1. For Asp185, Asp157, write out the residues from largest to smallest accessible area, computed with a 1.4 angstrom probe and no ligands counted.
2. On the accessible surface of the stretch 128-197, probed at 1.4 Å, how many percent belong to carbon and sulfur atoms?
3. Over the stretch 112-184, with the other protein chains present, what is the accessible area per residue in square angstrom, probe 1.4 angstrom?
4. Among His181, Phe3, Leu126, flag the residue with its Cα farthest along the positive direction of the charge dipole of the chain, charges on Cβ as +1 for Lys/Arg and -1 for Asp/Glu.
5. Using a 1.4 angstrom probe and counting only protein chains, how large is the accessible area of Glu43 in Å², to 10?
6. In debye, nearest 20: dipole of the chain around its Cα centre with unit charges on the Cβ of K, R (+) and D, E (-)?
7. Counting pairs of alpha carbon atoms under 8 Å apart in space and at least six apart in sequence, what relative contact order in percent does the stretch 121-237 give?
8. What is the magnitude of the charge dipole of the stretch 28-104 about its Cα centre, with +1 placed on the Cβ of each Lys and Arg, -1 on the Cβ of each Asp and Glu, and no other charges, expressed in debye to the nearest 20?
Amino acid sequence: MNFPVRAISLDLDDTLWPFAPIGVRIERTLHDWFVEHSPATAERFPIAEMRALRERVFEEFPQHAHDLGLLRRLTIEHALRESGSDPALASAAHAIFFRERNRVDFYEDVPDALQRIAARLPIAALTNGNADLTEIGIAPLFRFQLGAREYGAGKPDPGIFLETCRRLDVEPQHVLHVGDHPEMDVAGAVNAGLRSCWIDRGDHAWPQGLPPADLHVTTLTALADWLDATQTTEEAA
């Protein structure tokens with residue numbers, strides 16, 4: 001399928017890097033930090049209990065579902081308070097979280113393919129997560145980053161896709177959204193009038209009942225190759 005693409009909106013977690021190893025490292029590093037700086041918290045909330053607390057906080061504050069960083073901060077504050085520890089430690093603990101959150105290991109194909117795509121088209125990062133492109137070191141490749149926290153709602157809300165198009169100054173039908181999640185990324189983009197690309201690195205079956213993606217690739221390199229093969233300079237301008 002060929003169609004003109006004048007800009008790219010790009011998901012981050014599980015599209016440019018796997019998130020699961022990051023989550024595991026955050027839990028382990030935070031626990032080790034509490035062992036050193038707040039032993040009562042480490043004892044009251046070992047990793048499994050801290051995970052359960054985080055889920056409880058997420059349930060208690062549904063109004064903040066779009067702000068994962070705030071929910072993580074609230075979890076830390078709850079853990080300190082419930083373990084009788086100094087609440088002033090929350091800022092330092094959250095800084096540990098932020099540091100580990102932004103230590104990413106890119107999928108092998110991503111660094112080169114991202115450079116290729118950025119040289120051809122403007123790219124916007126569109127994420128429900130709280131990764132920071134400046135901390136990660138790839139912000140110069142993007143026109144901007146729009147997150148659920150900043151917008152006030154996350155994917156698949158059509159508004160966040162349309163706001164991305166507005167900031168790119170490109171009509172939705174000429175923006176290709178690329179992501180790993182069938183509902184959040186593909187269905188969300190389709191419902192907002194964007195073109196969609198499903199990047200599936202795990203040979204997953206497409207969920208029944210969802211609109212199909214315009215493109216289906218297994219690597220970012222494949223997308224870069226498709227753009228090189230189908231997009232002319234005039235179309236990208």
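The values are calculated or read from the model by the stated rules, or taken from the named source; none is laboratory data. Predicted model only: the values in this text are computed from it and were never measured. A quick note on method: Cβ atoms are made from the backbone with ideal geometry, for glycine too, and the neighbour counts reach across all protein chains shown. Accessible surface areas use protein heavy atoms only, side chains included; no ligands, DNA or RNA. Shrake-Rupley method; radii C 1.70, N 1.55, O 1.52, S 1.80 Å.
1. Largest accessible area first, the residues go Asp157, Asp185.
2. On the way: 1290 of 3000 Å².
That fraction is 43 percent.
3. 44
4. Final value for the positive-end residue is Leu126.
5. Spelled out: Glu43, probe radius 1.4 Å, area about 150 Å².
6. On the way: 22 positive and 37 negative charges, 85 e Å.
It works out to roughly 400 debye.
7. Computed value for the stretch 121-237: 17 percent relative contact order.
8. Taking the Cα centre of the stretch 28-104 as origin, the dipole is about 280 debye.
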